[in-house]
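Here is the structure we will look at.
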Amino acid sequence: MLKPLGDRVVIELVESEEKTASGIVLPDSAKEKPQEGKVVAVGSGRVTENGERVALEVSEGNTIIFSKYAGTEVKYEGKEYLILRESDILAIVG
Amino acid sequence: MLKPLGDRVVIELVESEEKTASGIVLPDSAKEKPQEGKVVAVGSGRVTENGERVALEVSEGNTIIFSKYAGTEVKYEGKEYLILRESDILAIVG
Amino acid sequence: MLKPLGDRVVIELVESEEKTASGIVLPDSAKEKPQEGKVVAVGSGRVTENGERVALEVSEGNTIIFSKYAGTEVKYEGKEYLILRESDILAIVG
Amino acid sequence: MLKPLGDRVVIELVESEEKTASGIVLPDSAKEKPQEGKVVAVGSGRVTENGERVALEVSEGNTIIFSKYAGTEVKYEGKEYLILRESDILAIVG
Amino acid sequence: MLKPLGDRVVIELVESEEKTASGIVLPDSAKEKPQEGKVVAVGSGRVTENGERVALEVSEGNTIIFSKYAGTEVKYEGKEYLILRESDILAIVG
Amino acid sequence: MLKPLGDRVVIELVESEEKTASGIVLPDSAKEKPQEGKVVAVGSGRVTENGERVALEVSEGNTIIFSKYAGTEVKYEGKEYLILRESDILAIVG
Amino acid sequence: MLKPLGDRVVIELVESEEKTASGIVLPDSAKEKPQEGKVVAVGSGRVTENGERVALEVSEGNTIIFSKYAGTEVKYEGKEYLILRESDILAIVG
């Protein structure tokens, strides 16, 4: 298990199979980098200058869209994840 | 549905058909980039250092003008949206 | 109507007709960019980190001087306005 | 009248007539830029993140010294003034 | 003993022996820089602008993953450690 | 009299006569810039975001050491002073 | 005596005699810059935006390790010291 710190979340990338107009499935390198993910773990939130911890707006299981190139890729037990700060998440899809 | 996070809003671009002085409708590439949008969803607001969440000033249905080049374009269910921070919104038109 | 957000104000530029020493009225391009405006709408103020909204010092109808090049020009119902943050306003003239 | 906003002050420049060692009065361009001024109007002060307005330390009539090149020159009713932030004022003389 | 200050932690690097596809153990310089560590000491936390000290989320014995290139290497009693700020720690592994 | 504003102090430079190893007194340009001064006036302190004014740690008469190149030189009644922010003062000597 | 201001500390450098593998004592210029020091005086702490003074974590007599190149060298009564901010101190050794 990965427990993110502060206002971070761990996500799994969601990649939709993509076909070109002519129906050909594109190999990985020809597709745009994904912007969609599924939240698998959330941190306990940042602490304000007032000393209060602010709970995250997203929760486990949410599908989200996030800024391209945000976050850090990590490999854990053979699987790839992305660790993002909540501020890099644009919206919850649902 | 797209639920924006924090002080973000989701907008649809409003593009007015435009004619030149001589009455010719300009094709898309000849027009300036739109600065007007309609709010379709609002976030729950940013949290101050005092731990309080500040509700947004705009609400669903508002027509707004915003800084050119602000925000991130997202495609959702075949439609294009723009996700902005409220601070990039200049005024409500109404 | 344009309702500015936060600590923004909408102003109309005030341009005084200008004559040179010899009494010739200068065409537009020969004059300096205006620094004076009339406030036509004010926002509800910024929110401090303490969660309080701070009312603006200027109000509708005030004539103000502001930093050159500040703000964003917008066209609304065929008229040109400038949207400024209150921090770009130097003083109220009156 | 000019009423400065926030922590700004309006000052008139104080230029002392200056003689060289040999007693010759120097023309303007040969003197250093002035650093001394007289306060003619003060703003109502900045608002802290706690929502409190902080009154200025200087008041009308004070002679002050300020950082060279600070502030914005404005012309009002044919006279030249300088609008400074209080943080650009180094000390009160007197 | 090393007692880190503020929101810092002292970690020992965790390096897993690595084999290439063909089973050859790679010498040190051919492996990627480690991103995993074990916490050996934690600071007492940063002090917020409200004057409160915020305890760290990690504790002694935790295995963590952290941003590559973060922190400062120190040698103490012949052993190498890394001193990081908690904000450079991405997640606790466990 | 010069009354510094905020967290500023007015100091007089302290220059010790300096001899080289062979006992020759060096002319001014061959000495390093002084880092030592005597406080002649102190401001009433900065105001925190909480609205409180923080009294300075130094007081009139203190001998201090400060960061080289910090501050602004001013001439007042024929004498040279330096106006520093308290944050440029490293320590009180005494 | 040197009394450091705010969150500063005065330290004496601790330099260990160093031998190469072959037992030769290295002259000064061949050694790395020291990172270890002994605290000889501590300031009374920084003041938060809430108006509270935060006491330092280190105290007189502590041996510390600090970021290379941090601080300002000062000479006082013929001895060399380094004045650091507490935030440049990584850990207390003890």
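Taken together, the values in this text are just the output of simple stated rules run on the coordinates, not laboratory data. What you see is a predicted model; the values in this text were computed from it and never measured. So basically every Cβ, Gly included, is an ideal-geometry build from the backbone, and we count neighbours across all protein chains shown.
Can you figure out the FRET efficiency of C:Tyr76 with D:Glu60, using R₀ = 41 Å and their beta-carbon distance, to the nearest 0.05?
0.55
Provide a whole-number value for the mean count of partner chain Cβ atoms within 10 Å of the Cβ atoms in peptide F:59-68.
Per residue, the number of nearby Cβ atoms from other chains is 2 on average.
Report, as an integer, the average count of C-beta atoms from other chains found within 10 Å of each Cβ along G:38-51.
5
Looking for one value pair here: nearest-to-axis residue in chain D (by Cβ) for the rotation onto G, and the distance in whole angstrom.
Here the value is D:Glu49, 5.
In what order do A:Lys79, A:Lys38, G:Lys3 fall by count of nearby beta-carbon atoms within 10 Å, going from fewest to most?
A:Lys79, A:Lys38, G:Lys3
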